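Below is one structure, written out as structure tokens; the observations come after it.
The values are calculated or read from the model by the stated rules, or taken from the named source; none is laboratory data. Only a predicted model underlies this, so the values are computations on that prediction, with no experimental measurement involved. When we count neighbours, we look across all protein chains shown, and the Cβ atoms used for this are built from the backbone with ideal geometry, even at glycine. Areas reflect the complete protein model, heavy atoms only, side chains present, ligands, DNA and RNA absent. Shrake-Rupley method; radii C 1.70, N 1.55, O 1.52, S 1.80 Å.
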Amino acid sequence: MSKMIEDRPAWYATAKGGFKGNFTADMKEKVIQNVQRKGEARSMQAYFKRFLATAAGICFLAACFIFFDGSSFSMRSLLHAGGSPVQNNEGIESTFPLEEKSLHYTSEPVYISGTNIPLMDSSDYQFPIVTKSSVKLNTVIDLGGGNHYLTYTKPNEAETNIYQGIELNGYSKEGEIFEWGYGSISEVKLGLSKAFGGDFNRLSGRCGPNLFCTLWLTVDENNVILSHLLSSDGYEVDLDGDGAAEIIATTGKEFNNRVYIIRKRDGITEWVDVDAALNAGGGGSVSYDPNNQVFILSSESGLQYYRYAQGEDKLVVIKE
């Protein structure tokens, strides 16, 4: 929300509130007394006309300030602003010249700050199938809908290693587990996903003290394939209006609170660093509000809100 830095004149509050009330008999008497005191020779009728003209001028200025002051417009009415007409709740179109920040996507590898962990990997890794009879179950977490997340050990191994896998209702055969691999995650969630315009099962959870993992799984009758692995939490939103959801990755405070937008174009995964695009360096930071679908730049000068421009690779300021 931008902060007006110039000093407003003393009459701003009156103008913004608009001229209210009637020209009462008491007001008329005060005007007459003022005219007599100053020895003005003009008639009361002329003075009255000048008063009405002044009041009309104040009302006009009030209308100007109400129109141009961003606080008179809700954030909701500007959510899809991009320098083009915006339809507000009353059906009135308004055009604002908004500040823009271009986004330059890259397919070069990106690593989480301070680590050698890729932000996102794409693969065609196929989960092997193991039988429950060959493992010793440690935990079984109900994910709803007849789906389960499991951790287990393999008694026939010389060393005790923790493994993890899933049972998917309608795909897993009785007594079989789709094995992800070593390790375990907590706060496990499973759901459906339309990321990048595809059809996935999305598995997510905390996979380390400071790390979150999100998997996009392609599932058919016989296979579970790990299509994408994101080393952070992620929101799915169709930002540019092309019908395919992009992924907004947030690395968390342990990794400098970086925010990335990830998309797929012509089969190639691309991403952009929103912090860099908004010049958040030097003490600033960027966060994402999934409820209002806005990017928030926090800096010494305050908060600035941005929304993705429809059909364009840029962010535009929202004037609140």
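Spot the failing condition for residue 174; the list is (1) within 23 Å of residue 221 (Cβ to Cβ); (2) modelled with pLDDT under 95; (3) among the charged types (D, E, K, R); (4) part of a strand (DSSP E or B), and only one is missed.
For residue 174, the exception is condition (4).
Between 179, 174, which is farther than 25 Å from residue 235 by Cβ, open to solvent by 30 Å² or more (accessible area, probe 1.4 Å) and over 26 Å from the mean Cα position of the chain (by Cα)? Steps first, answer last, please.
Details: 179 fails: open to solvent by 30 Å² or more (accessible area, probe 1.4 Å).
One residue alone meets the criteria, 174.
Which of the residues spanning region 268-279 are small (Gly, Ala, Ser) and surrounded by 17 or more Cβ atoms within 10 Å (Cβ to Cβ)? Walk me through how you get there before you give the answer.
Narrowing region 268-279 to residues small (Gly, Ala, Ser): 276-277.
If the condition is that a residue be small (Gly, Ala, Ser) and surrounded by 17 or more Cβ atoms within 10 Å (Cβ to Cβ), then 277 is the only one that fits.
Say we look at region 280-320 and pick out the residues that are closer than 15 Å to residue 99 by Cα and free of Cβ contacts under 8 Å to residues at least 40 places away in the same chain; which of these is least open to solvent (accessible area, probe 1.4 Å)?
Ranking the candidates gives 295 first.
Inspect all residues belonging to region 196-210 and state whether any of them is aliphatic (A, V, I, L, M) and surrounded by 15 or more Cβ atoms within 10 Å (Cβ to Cβ). Working first, answer last.
Initially, region 196-210 is screened for residues aliphatic (A, V, I, L, M), giving 203.
Pick out the ones that are also surrounded by 15 or more Cβ atoms within 10 Å (Cβ to Cβ) and you get 203.
Yes, that holds for at least one residue.
If I filter region 206-214 for residues that are in contact (Cβ under 8 Å) with a residue 60 or more places away in the chain and part of a loop (DSSP other than H, G, I, E, B), do I get at least one hit? Please lay out each step first, then the result.
Of the residues in region 206-214, the ones in contact (Cβ under 8 Å) with a residue 60 or more places away in the chain are 211.
Then drop every residue that is not part of a loop (DSSP other than H, G, I, E, B), which leaves 211.
Checked region 206-214: at least one residue is in contact (Cβ under 8 Å) with a residue 60 or more places away in the chain and part of a loop (DSSP other than H, G, I, E, B).
Determine if region 259-278 includes at least one residue that is free of Cβ contacts under 8 Å to residues at least 24 places away in the same chain, of a type outside the set (Lys, Arg) and either in contact with a Gly (Cβ under 9 Å, 6 or more places away or on another chain) or assigned to a strand (DSSP E or B) (or both).
Looking for residues that are free of Cβ contacts under 8 Å to residues at least 24 places away in the same chain, of a type outside the set (Lys, Arg) and either in contact with a Gly (Cβ under 9 Å, 6 or more places away or on another chain) or assigned to a strand (DSSP E or B) (or both), one finds at least one in region 259-278, hence yes.
Can you name every residue in region 141-166 that is open to solvent by 30 Å² or more (accessible area, probe 1.4 Å) and over 34 Å from the mean Cα position of the chain (by Cα)?
Those that are open to solvent by 30 Å² or more (accessible area, probe 1.4 Å) and over 34 Å from the mean Cα position of the chain (by Cα): 154, 155, 156, 157, 158, 159, 160, 161, 162.
Looking only at region 246-258, count every residue that is open to solvent by 20 Å² or more (accessible area, probe 1.4 Å) and in contact (Cβ under 8 Å) with a residue 12 or more places away in the chain and tell me the total.
Just the residues of region 246-258 that are open to solvent by 20 Å² or more (accessible area, probe 1.4 Å), to begin with: 250, 252-258.
Then keep just the ones that are in contact (Cβ under 8 Å) with a residue 12 or more places away in the chain; that gives 250, 252, 254-258.
Number of matching residues: 7.
Every residue in region 185-214 that is polar (S, T, N, Q) and within 23 Å of residue 113 (Cα to Cα), please.
Initial filter on region 185-214 (polar (S, T, N, Q)): 186, 193, 201, 204, 210, 214.
Selection gives 186, 204, 210, 214.
Exactly one of (1) out of contact with any Lys or Arg (no Cβ under 9 Å at 6 or more places or on another chain); (2) aliphatic (A, V, I, L, M); (3) surrounded by fewer than 21 Cβ atoms within 10 Å (Cβ to Cβ) is unmet by residue 230. Its number?
Among (1) out of contact with any Lys or Arg (no Cβ under 9 Å at 6 or more places or on another chain); (2) aliphatic (A, V, I, L, M); (3) surrounded by fewer than 21 Cβ atoms within 10 Å (Cβ to Cβ), the lone unmet condition for residue 230 is (3).
Within region 279-306, track down each residue that is among the aliphatic types (A, V, I, L, M) and either closer than 18 Å to residue 255 by Cα or touching a Gly at 6+ places or on another chain (Cβ under 8 Å) (or both). First the steps, then the outcome.
Kept after step one, since they are among the aliphatic types (A, V, I, L, M), are these residues of region 279-306: 280, 286, 294, 296-297, 303.
Scanning region 279-306 gives 280, 286, 296, 297.
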